[in-house]
Each structure stands twice: as C-alpha cells, then as structure tokens.
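A quick write-up on the structure given underneath.
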Amino acid sequence: MYSVGAMTFSIHASKNGQSVVTVRISPETTFDKARRLENLGWQVHITDSAGRQFGVSEFYRFLCINRDTAFPEITVQERQY
C-alpha cells in the first residue's frame, strides 16, 4: 500500500509494436528495471510523479534528482543504498 504523498515512477517501454507501462515506488528499482528493459532492446523512458520524462541518456540524472525527493521523511543517515 502506498503512503499518502508517496512518489511513483512509471516506466514506459515499447518494442516490436508492443508497449508496456510499469509503476515503481523506488527510484532505484525504477532505474534498474528501465535499464534491464533497455538492455533487452526496448525503447524506454521514465516519468516521475511531477510529470518529468527521462530518456535513456537521462537515467542517471533521474536517479540523482529523485533519490533525494522520493522519501523526504527519511534522512540520509537512515537510508541504506
């Protein structure tokens, strides 16, 4: 169950006329899944809760921007990367 105000991230992927959208709540799992799909030949982009879209070349920027905003109630010392 999502907590109130939880950020979600959508992974949009297409390949050979198929398209899929998956939703994740962690920037790290979003990044990992999007990278796996891209490595399998899918065309991929990520959309965050603010509506910002990130193409493959921007995945690391996505991770940097959203890692610190996904769970603002957790301090950096409490996070385990």
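Looking at ALA13, ALA34, which is the one that is at negative phi, touching a Leu at 6+ places or on another chain (Cβ under 9 Å), crowded, with 18+ Cβ neighbours inside 10 Å and at pLDDT 90 or above?
Result: ALA13 is the single residue among ALA13, ALA34 that is at negative phi, touching a Leu at 6+ places or on another chain (Cβ under 9 Å), crowded, with 18+ Cβ neighbours inside 10 Å and at pLDDT 90 or above.
Among the residues of segment 37-55, write down those that are aliphatic (A, V, I, L, M) and modelled with pLDDT under 90.
Within segment 37-55, the subset aliphatic (A, V, I, L, M) is 37, 40, 44, 46, 50.
Matches in segment 37-55: ALA50 only.
Quick one: count up the residues across segment 37-48 that are out of contact with any Lys or Arg (no Cβ under 7 Å at 6 or more places or on another chain) and surrounded by fewer than 15 Cβ atoms within 10 Å (Cβ to Cβ). Walk me through it before giving the result.
Filtering segment 37-48 down to residues out of contact with any Lys or Arg (no Cβ under 7 Å at 6 or more places or on another chain) leaves 37-40, 44-48.
When the remaining residues are screened for being surrounded by fewer than 15 Cβ atoms within 10 Å (Cβ to Cβ), the result is 39-40.
Number satisfying all stated conditions: 2.
Looking at segment 18-27, which of its residues are more than 14 Å from THR8 (Cβ to Cβ) and surrounded by 13 or more Cβ atoms within 10 Å (Cβ to Cβ)?
Taking segment 18-27 as the starting set, the residues that turn out to be more than 14 Å from THR8 (Cβ to Cβ) are 18-20.
Residues satisfying the conditions do not exist here.
The values are calculated or read from the model by the stated rules, or taken from the named source; none is laboratory data. From a predicted model like this one, the values you see are computed outputs, not experimental measurements. All Cβ positions, glycine included, derive from the backbone under ideal geometry; neighbour counts span all protein chains shown.
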